[in-house]
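**Q** To start, I am sharing the structure in question, which I have written as structure tokens.
Just so you know, all these numbers are worked out from the coordinates, no wet-lab data involved. Keep in mind that this is a model prediction, so the values were computed, not measured. So basically every Cβ, Gly included, is an ideal-geometry build from the backbone, and we count neighbours across all protein chains shown.
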Amino acid sequence: MATPKDVKLFGVATSGYCTMVHHALQLKGVAYDYVEVDLKNKSEEFLRLHPVHKKVPILVVDGKPIPESLIILQYVDETWKEHPLLPQDPYLRSKVRFWADFFYQKMVPASYTIRTTEGEAKNKAVEEFLGRLKTLEDGINKDVHVHGPFIHGEEPGLLDVILGQFKTGSQLLEQRRLAGVKLLDKEHHPPLWSYMDAYAEFAVVKELKLSPYAHA
Ligand SMILES: N[C@@H](CCC(=O)N[C@@H](CS)C(=O)NCC(=O)O)C(=O)O
């Protein structure tokens, strides 16, 4: 396959999903244009690119649109070989995909419930979120992490890119919706905390501080 020539990312600056795609492209050294989308006034062009969910991010490569951040991240990894985001070994790759899917299927909805409920329902949602977070942390340590500062080892991979957005998102959720309740802290989640710290210090990530409001 010839290397794509024309790469455009349609996104919004406050979206953690879009930041993941920025990071993946930059980790791989891909040159691309960025188009900021007005979600309150979606353009015809944008709606044509993604008529199904009508959400950012959308990556457009040589005129062809690719929606959904997790699908985009895997497309980017398969298209540009520098700095692989997924391991070579198919079994290990399946494990990384499993925990990435767990994040999208279990953590994102749990944080949405915390944002949108009050009282007893919110307390229950926090408990559920923390239970799932423990499952995620244990799973990553058992199935993926072997050594090194990142989840994927000496270099950040797919789970680092995804969870890199998670710390900011959780902290914002704590500040805005959960007076005094901690979702993620160093004391209760030392491994996750240290992976996320290592990722935040990584050059590409440090230079591209895009998302103050992850998983908006
Ligand atoms: N599952 C999608 C979620 C993307 C998403 O929720 N994007 C939000 C911004 S963070 C959006 O475009 N919302 C616009 C809308 O719902 O109209 C992905 O991973 O790409």
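**Q** Taking the Cβ of Arg132 as the centre, find all other residues whose Cβ is under 14 Å away and add up their charges (Lys, Arg: +1; Asp, Glu: -1).
**A** Cβ neighbours under 14 Å give a net charge of -2.
**Q** May I pose another question? Mean separation of Cα pairs under 8 Å and 6+ residues apart, divided by the residue count of the range 90-207: what relative contact order is that in percent?
**A** Result for the range 90-207 is 23 percent.
**Q** Could I ask something else about it? Go through Ala203, Val37, Leu59 and say which Cα lies farthest out towards the positive end of the charge dipole of the chain; charges sit on Cβ, +1 for Lys and Arg, -1 for Asp and Glu.
**A** Sorting the options by dipole projection puts first Val37.
**Q** Calculate the dipole size of the range 90-207 relative to its Cα centre from +1 charges on Lys and Arg beta carbons and -1 charges on Asp and Glu beta carbons; express the result in debye to the nearest 20.
**A** Computed about the Cα centre, the dipole is about 360 debye.
**Q** Which residue, Leu70, Leu92, Pro4, has the largest displacement toward the positive end of the dipole of the chain when charges sit on each Cβ (Lys, Arg +1; Asp, Glu -1)?
**A** Leu70
**Q** Take each of the peptides 143-152, 39-48, 16-25, 83-92, average the number of other beta-carbon atoms within 10 Å over its residues, and list them starting from the highest.
**A** Details: 143-152: 16.8, 39-48: 10.9, 16-25: 25.0, 83-92: 14.1.
Most protected by this proxy first, the peptides run 16-25, 143-152, 83-92, 39-48.
**Q** Give me the net charge for the shell around Lys95: Cβ to Cβ below 12 angstrom, other residues only, Lys and Arg +1, Asp and Glu -1.
**A** 0
**Q** Give, as ranges by residue number, the residues of the range 134-149 whose backbone N falls under 16 Å from the point 7 Å along Cα→Cβ of Asp89.
**A** Hits in the range 134-149 for Asp89 at 16 Å: 140-148.
**Q** Amide H to amide H, which residues 5 or more places from Val35 or on other chains are under 5 Å from it, using H placed in the peptide plane?
**A** Leu9, Phe10, Gly11
**Q** Here is a follow-up. What's the magnitude of the charge dipole for the chain around its Cα centre, counting Lys and Arg as +1 and Asp and Glu as -1 at the beta-carbon? Answer in Debye, nearest 20.
**A** 520
**Q** So what is the relative contact order of the range 40-156, in percent, for Cα pairs below 8 Å that sit 6 or more residues apart?
**A** Value for the range 40-156: 14 percent.
**Q** Would you mind working out the magnitude of the charge dipole of the range 20-84 relative to its Cα centre, with +1 at each Lys and Arg C-beta and -1 at each Asp and Glu C-beta, to the nearest 20 Debye?
**A** 200
**Q** Let me ask something additional. What whole-number distance in Å separates the alpha-carbon centres of the range 52-86 and the range 137-158?
**A** Taking the Cα centre of each part, the range 52-86 and the range 137-158 sit 23 Å apart.
**Q** What three numbers, in Å, describe the spread of the alpha carbons of the range 90-207 along their principal axes, ordered from the longest?
**A** Projected onto its principal axes, the Cα set of the range 90-207 covers 42, 31, 23 Å.
**Q** Please give the length that would be gained between Tyr112 and Asp62 if that part of the chain were fully extended, namely 0.36 nm times their separation in residues minus their C-alpha to C-alpha distance (nm, one decimal).
**A** The span from Tyr112 to Asp62 would gain 14.6 nm if fully extended.
**Q** What ³J(HN,Hα) values, in whole Hz, does the Karplus curve 6.51 cos²θ - 1.76 cosθ + 1.60 give for the range 174-186 when θ = phi - 60°, with x put for Gly and Pro?
**A** 4, 5, 8, 10, 9, 3, x, 8, 9, 9, 9, 9, 4
**Q** What is the order of Leu163, Leu49, fewest Cβ neighbours within 10 Å to most?
**A** Fewest-to-most ranking of Leu163, Leu49: Leu49, Leu163.
**Q** Which entries in the list Lys8/Lys81; Lys28/Lys55; Lys5/Lys64; Lys40/Lys167 go over 21 Å, if you measure between the two C-alpha atoms of each?
**A** Lys28/Lys55; Lys40/Lys167
**Q** Mean separation of Cα pairs under 8 Å and 6+ residues apart, divided by the residue count of the chain: what relative contact order is that in percent?
**A** Answer for the chain is 24 percent.
**Q** Treating the chain as a set of equal point scatterers at the Cα positions, no solvent, please give the Debye-formula log₁₀ I(q)/I(0) at q = 0.10, 0.13, 0.15, 0.17 Å⁻¹.
**A** -0.44, -0.76, -1.00, -1.26
**Q** Counting only other residues whose beta carbon sits under 11 Å from that of His50, what net charge do I get with K and R as +1, D and E as -1?
**A** Numbers: positive: Lys42, Arg48, Lys54, Lys55; negative: Glu45, Glu68.
Once positives and negatives cancel, what remains is +2.
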